[in-house]
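Engineer: A single structure is presented below for examination.
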Amino acid sequence: MQRSLAPERLAALVGRLDAAPAYRALCQALQELIGDGRIPIDTRLPSERTVADALGVSRNTVTRAYAELAAAGFATARQGAGTFAAVPVARRRAHDHTLGASKFADDAIDLTRAAGSATPGTAAAYARALAALPAYLSGDGYLPSGLPALQARIAATYTRRGLPTTPGQIVVTAGALSALAIVARTLSRPGDRIAVDTPVYPNAMGALTLGGARLVAVPMGDPLGDAGWDLDGLEATLRQARPRLAYVIADFHNPTGLLMDAAQRARYATALAATNTLAIVDETLQATGLSNTPMPAPFATFARDAISIGSASKLCWGGLRVGWIRAQQPLVERLVAARVQLDLGGSLFDQLVAVELLDDGPMLAARREQVRRQRDALAHALRIHLPDWRFRLPTGGLSLWLRLPHGSATALAAALERDDVHLAPGPAFAVDGGFDRWLRMPYAKPEAQLLDAVQRMAHHWTALPHARARGQRTASAPPLIA
């Protein structure tokens, strides 16, 4: 599929060209849009004449802007085909430990994973589960759909959230990533297209393409702006690509932390229905809300055929490998049939533990309070030590999505690795490249570790060549978005 960008859409993304000269302002705007992934790599840019008309500038302005864009490595001109978005060769690779089994030093600060230690009370939940285990030992232990008691509790949480659900609509899996792989294996075939927001959780990209499907990037809006999701761009992408499936993170999007409101969910669902695209909704972080504001209704209340995925790992403990799928009843049988080709069911013992933890309201509330303190401590440290970095303080989730004022997040992450601080730079979350001005920083670690990490980051940031040349701005700079 050849992706193209309409001139009116480009003009909307670029906005007003207030700086002079105009060609340089246009080049810089396009470079930022490509670098941030809002214009995906290999997208054909509109012709110079149509862009000039859409922006109200001379054609010579656009010609010079395209030439500078290509000279900087952010575009390629193909004879007879047009000009296409690109990224410089040096930025096409990024460090990403989230997909591997990297071993770090014992005193290293590993912030590649948005996960922390077990919630206090987890050991007691394991003890109660162990006491309940003997009642199940006379059976064979194979539960391809899940432990009935756990299915019932998960179904009840959906019903309480406004989405009536029966236990038979739930398939318990060995974590949310396993759930995603099962859904992709069941519903996609080699060559199928799956629409995916970009940036996006990198492990999800791998799970979605296990069956040979191809990802279609749906660029999000400015993560620091008010909208979050670029629904105009989504609708255009769906019309062009006609994907079979769409992977959606509406609740505390990973990595941006954005929460999709009810109006956005309704419009998103309408766009999917118009192209007969089935939504896979990742609700892994839904339970990590950190404010008292009521959550929007589940995405599946707007798209009734949507498949929802959840997990006990993010709020409870990463070592508890329990996730689930919620689907319409006719699809459940297909999902279970596909699942038994991969495994015959999740750990019965882990499911007994999950029953105990999901029933422990006070323990989960204490966990949220702990995460809230860690989020606020990280935000405060960034304001003090890196005042010109920008971010939006999320109302849930487990990480901040940080924008560097200039320079390369990949280069910074590489420098930090030498100081035993490990972070995933923006390109690790990109479907089609870009985001090298962004960095994901989880706040699921202890406050002392987060402060230590920020101080080391500030040290390396000021030592990088671009920082020395341009100089760090002081705390009198415009405040961070929070």
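Engineer: List every residue pair whose Cβ atoms lie under 6 Å apart, where the two residues are 6 or more positions apart in sequence or sit on different chains, the first residue falls within region 72-87 and is farther than 18 Å from residue 24 by Cα and free of Cβ contacts under 8 Å to residues at least 40 places away in the same chain, and the second residue, located anywhere, is assigned to a loop (DSSP other than H, G, I, E, B) and small (Gly, Ala, Ser).
Structural biologist: Within 6 Å, no pair qualifies.
Engineer: Failed condition for residue 406, given (1) assigned by TED's automatic domain parsing to the domain that holds residue 277; (2) surrounded by fewer than 19 Cβ atoms within 10 Å (Cβ to Cβ), with all others met?
Structural biologist: (1)
Engineer: Could you list all residues from region 15-62 that are polar (S, T, N, Q) and exposed (fewer than 15 other Cβ atoms within 10 Å of the Cβ)?
Structural biologist: 58, 60
Engineer: Taking the residues in region 182-198 that are crowded, with 22+ Cβ neighbours inside 10 Å and out of contact with any Asp or Glu (no Cβ under 7 Å at 6 or more places or on another chain) as candidates, determine which candidate is nearest to residue 294 (Cα to Cα).
Structural biologist: Top of the filtered list is 197.
Engineer: Right, something else. Out of curiosity, is residue 129 outside the structural domain of residue 397 (by TED's automatic domain parsing), at pLDDT below 95 and either at positive phi or crowded, with 19+ Cβ neighbours inside 10 Å (or both)?
Structural biologist: It is true that residue 129 is outside the structural domain of residue 397 (by TED's automatic domain parsing), at pLDDT below 95 and either at positive phi or crowded, with 19+ Cβ neighbours inside 10 Å (or both).
Engineer: Could you list, in sequence order, the residues of region 311-348 that are assigned to a helix (DSSP H, G or I) and of a type outside the set (Lys, Arg)?
Structural biologist: Matches in region 311-348: 329, 330, 331, 332, 333, 335, 336, 337, 338, 348.
Engineer: Within region 56-84, can you find the residues that are in a helix (DSSP H, G or I) and of a type in the set (A, V, I, L, M)?
Structural biologist: 62, 65, 67, 69, 70, 71
Engineer: Here's another thing I want to ask about it. Name every residue in region 133-191 that is of a type in the set (Ser, Thr, Tyr) and over 25 Å from residue 301 (Cα atoms), in order of residue number.
Structural biologist: Result: 136, 138, 142.
Engineer: For residue 159, which of the numbered conditions (1) under 24 Å from the mean Cα position of the chain (by Cα); (2) part of a helix (DSSP H, G or I) fails to hold?
Structural biologist: (1)
Engineer: Also: If you check 221, 212, which single one turns out to be within 28 Å of residue 444 (Cα to Cα) and modelled with pLDDT under 95?
Structural biologist: 221
Engineer: Could I ask something else about it? Filter region 268-305 for residues that are under 29 Å from residue 428 (Cβ atoms) and among the charged types (D, E, K, R) and give the result.
Structural biologist: Within region 268-305, 282, 283 meet the criteria.
Engineer: Return the residue satisfying two criteria in turn: it lies in region 413-433 and is in contact with an Asp or Glu (Cβ under 6 Å, 6 or more places away or on another chain) and either outside the structural domain of residue 403 (by TED's automatic domain parsing) or assigned to a strand (DSSP E or B) (or both), and of such residues it is surrounded by the most Cβ atoms within 10 Å (Cβ to Cβ).
Structural biologist: Within region 413-433, the match that is surrounded by the most Cβ atoms within 10 Å (Cβ to Cβ) is 424.
Engineer: Okay, next question. Given the conditions (1) crowded, with 17+ Cβ neighbours inside 10 Å; (2) closer than 30 Å to residue 121 by Cβ, and given that residue 362 satisfies all but one, which numbered condition is not satisfied?
Structural biologist: It fails just one condition, (1).
Engineer: Could you say whether any residue in region 186-201 is in contact (Cβ under 8 Å) with a residue 12 or more places away in the chain, assigned to a helix (DSSP H, G or I), assigned by TED's automatic domain parsing to the domain that holds residue 348 and not β-branched (Val, Ile, Thr)?
Structural biologist: Initial filter on region 186-201 (in contact (Cβ under 8 Å) with a residue 12 or more places away in the chain): 186-201.
From what is left, the residues that are assigned to a helix (DSSP H, G or I) are 186-187.
If we keep only those that are assigned by TED's automatic domain parsing to the domain that holds residue 348 as well, we get 186-187.
Then keep just the ones that are not β-branched (Val, Ile, Thr); that gives 187.
The answer is yes; a qualifying residue exists.
Engineer: Do you know which residues across region 128-142 are outside any helix (DSSP H, G or I) and free of Cβ contacts under 8 Å to residues at least 40 places away in the same chain? Spell out how you get there, then give the answer.
Structural biologist: Of the residues in region 128-142, the ones outside any helix (DSSP H, G or I) are 137-142.
Within region 128-142, 137, 138, 139, 140 meet the criteria.
Engineer: While we're looking at this one, here's another question. For a quick check of your reading: which strands (runs of 3 or more DSSP E) sit entirely within region 203-310 and have at least 1 residues that are buried (at least 23 other Cβ atoms within 10 Å of the Cβ) and either touching a Lys or Arg at 6+ places or on another chain (Cβ under 8 Å) or among the aromatic types (Phe, Trp, Tyr) (or both)?
Structural biologist: 214-219, 245-248
Engineer: Which residue is modelled with the highest pLDDT, if the candidates are limited to region 104-118 and must be exposed (fewer than 15 other Cβ atoms within 10 Å of the Cβ) and closer than 19 Å to residue 456 by Cβ? Spell out how you get there, then give the answer.
Structural biologist: Going residue by residue through region 104-118, those that are exposed (fewer than 15 other Cβ atoms within 10 Å of the Cβ) are 104-108, 117.
Retained after the next criterion (residues that are closer than 19 Å to residue 456 by Cβ): 104-108.
Values: 104: 64, 105: 65, 106: 63, 107: 72, 108: 83.
The extreme case among them is 108.
The values are calculated or read from the model by the stated rules, or taken from the named source; none is laboratory data. These figures come from a predicted structure and were not determined experimentally. We place every Cβ from the backbone using ideal geometry, glycine too, and count neighbours over all the protein chains shown.
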